[in-house]
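Peer 1: Quick one: structure below, then a few questions.
The values are calculated or read from the model by the stated rules, or taken from the named source; none is laboratory data. Just so it is clear, the model here is predicted, and its values are computed rather than measured. Reconstructed Cβ throughout: ideal geometry from the backbone, glycine too, with neighbour counts over all protein chains shown.
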């Protein structure tokens, strides 16, 4: 039975991961659960999964959990996450949001634990650090994002082949087809209304600005060691094809399926095997005339270009990009700035940055905090 450490167990990916564990209790066990604020849901999960330890956001939450579960190991905050991932588990599912996922990934890899990575920011801010550590420790990182999982699956049978092109697909988000004038007036509620996927607030806004695809381009570069000019983004509104890989002979391999995050999560648990799904399964006749593609509108959705350029420049630029984006998305969610302020202020922040090469985890996290204070 595989012992799984679930980081971010109360979020969208975490809860779906626990649903898979519950349906496959003969194969998997949730040994660690963590949450930042949703303690009521965490306690339901504890009652259901009986983990060895949990991590919460603060001492008050820890007391609340400890009172109900007196024999349970309850850890707190970033130090608690570090301690949790530094124990011996069979797999760490990192479903944390934002830069908070970087350090646990780093310390988990140092311990030698395989990583199921659903946290884009880990490789956006720490791509070189994380990939070099993974190589040094011989740690396997399996992507959980639907797009990167799709690419991973398309490359399974071609381990020695260098792709001619990676094609990341994008739904286009809730504002596909809108121009700058129309985007000036969009609301938070509209930005959170994704046409295909049910996701958390931060990633939903990133999808609306197309920053999500920009972060995925950077992540794909590090995951698959592919040059920037070989990574393309293509809008596919139906979200049936999750991504594609083109090879030098002209063959294109695609991974298809209805939008369901349990598929890539399940693969990260079971690889190299696959879990049996409950459906629905693809009806090609029903979907035969509804698979369409179009170019990304980078004129009106500039975040993708900003992210790609930051990734190419490398060094400290992706750290700044990620930190500034997290702050600006939160300000938009709180109603302090407009939707178009996100790319505008992000561009200004990158233009004003004096680049350098961070030397390690601490320097990355220090820069992250500096950007958050300055912006």
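Per-residue answers, yes or no, for (1) under 28 Å from residue 161 (Cα atoms); (2) out of contact with any strand residue (DSSP E or B) (no Cβ under 7 Å at 6 or more places or on another chain); (3) at pLDDT 95 or above:
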{"position": "277", "(1), (2), (3)": "no, yes, no"}
{"position": "284", "(1), (2), (3)": "no, yes, no"}
{"position": "287", "(1), (2), (3)": "no, yes, no"}
{"position": "309", "(1), (2), (3)": "yes, yes, yes"}
{"position": "312", "(1), (2), (3)": "yes, yes, yes"}
{"position": "319", "(1), (2), (3)": "no, yes, yes"}
{"position": "328", "(1), (2), (3)": "no, yes, yes"}
{"position": "331", "(1), (2), (3)": "no, yes, yes"}
{"position": "341", "(1), (2), (3)": "no, yes, yes"}
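Peer 1: Does residue 148 qualify as being touching a helix residue (DSSP H, G or I) at 6+ places or on another chain (Cβ under 8 Å) and assigned to a helix (DSSP H, G or I)?
Peer 2: yes
Peer 1: Next question, about the same structure. For the stretch 4-106, please list each of the strands (runs of 3 or more DSSP E) lying entirely inside it that holds at least 1 residues being touching a helix residue (DSSP H, G or I) at 6+ places or on another chain (Cβ under 8 Å) and touching a residue at least 24 places away in the same chain (Cβ under 8 Å).
Peer 2: 28-34, 53-56, 91-94
Peer 1: Of all residues in the stretch 134-145, which are touching a helix residue (DSSP H, G or I) at 6+ places or on another chain (Cβ under 7 Å) and either more than 17 Å from residue 16 (Cβ to Cβ) or surrounded by fewer than 24 Cβ atoms within 10 Å (Cβ to Cβ) (or both)? Before you say what the answer is, go through the steps one by one.
Peer 2: Restricting attention to the stretch 134-145, the residues satisfying the condition of being touching a helix residue (DSSP H, G or I) at 6+ places or on another chain (Cβ under 7 Å) are 134, 137, 139, 141-145.
Answer for the stretch 134-145, where residues must be touching a helix residue (DSSP H, G or I) at 6+ places or on another chain (Cβ under 7 Å) and either more than 17 Å from residue 16 (Cβ to Cβ) or surrounded by fewer than 24 Cβ atoms within 10 Å (Cβ to Cβ) (or both): 134, 137, 139, 141, 142.
Peer 1: Something else: Quickly run through the stretch 115-125 and pick out the residues that are in contact with a strand residue (DSSP E or B) (Cβ under 8 Å, 6 or more places away or on another chain) and farther than 11 Å from residue 85 by Cα. If you could, list the steps in order and put the result at the bottom.
Peer 2: Going residue by residue through the stretch 115-125, those that are in contact with a strand residue (DSSP E or B) (Cβ under 8 Å, 6 or more places away or on another chain) are 115-119, 122-123.
Correct list: 116, 117, 118, 119, 122, 123.
Peer 1: Looking only at the stretch 315-327, how many residues end up being surrounded by 17 or more Cβ atoms within 10 Å (Cβ to Cβ) and over 18 Å from the mean Cα position of the chain (by Cα)? Quick ask: steps written out before the conclusion?
Peer 2: Just the residues of the stretch 315-327 that are surrounded by 17 or more Cβ atoms within 10 Å (Cβ to Cβ), to begin with: 316-327.
Filter again for over 18 Å from the mean Cα position of the chain (by Cα), leaving 316-317.
Going through the stretch 315-327 one residue at a time, the tally reaches 2.
Peer 1: Output yes when any residue across the stretch 116-133 is without any contact (Cβ under 8 Å) to a residue 60 or more places away in the chain, over 23 Å from residue 74 (Cα atoms) and surrounded by fewer than 22 Cβ atoms within 10 Å (Cβ to Cβ), and no when none is.
Peer 2: So far as the stretch 116-133 goes, yes, one or more of its residues are without any contact (Cβ under 8 Å) to a residue 60 or more places away in the chain, over 23 Å from residue 74 (Cα atoms) and surrounded by fewer than 22 Cβ atoms within 10 Å (Cβ to Cβ).
Peer 1: Name the pairs whose Cβ atoms lie under 7 Å apart, with the first residue in the stretch 174-194 and in contact (Cβ under 8 Å) with a residue 24 or more places away in the chain and in the same structural domain as residue 209 (by TED's automatic domain parsing), the second part of a helix (DSSP H, G or I) and surrounded by fewer than 16 Cβ atoms within 10 Å (Cβ to Cβ), and 6 or more positions between them or separate chains?
Peer 2: Between residues of the stretch 174-194 that are in contact (Cβ under 8 Å) with a residue 24 or more places away in the chain and in the same structural domain as residue 209 (by TED's automatic domain parsing) and residues that are part of a helix (DSSP H, G or I) and surrounded by fewer than 16 Cβ atoms within 10 Å (Cβ to Cβ), the close pairs are 174/190.
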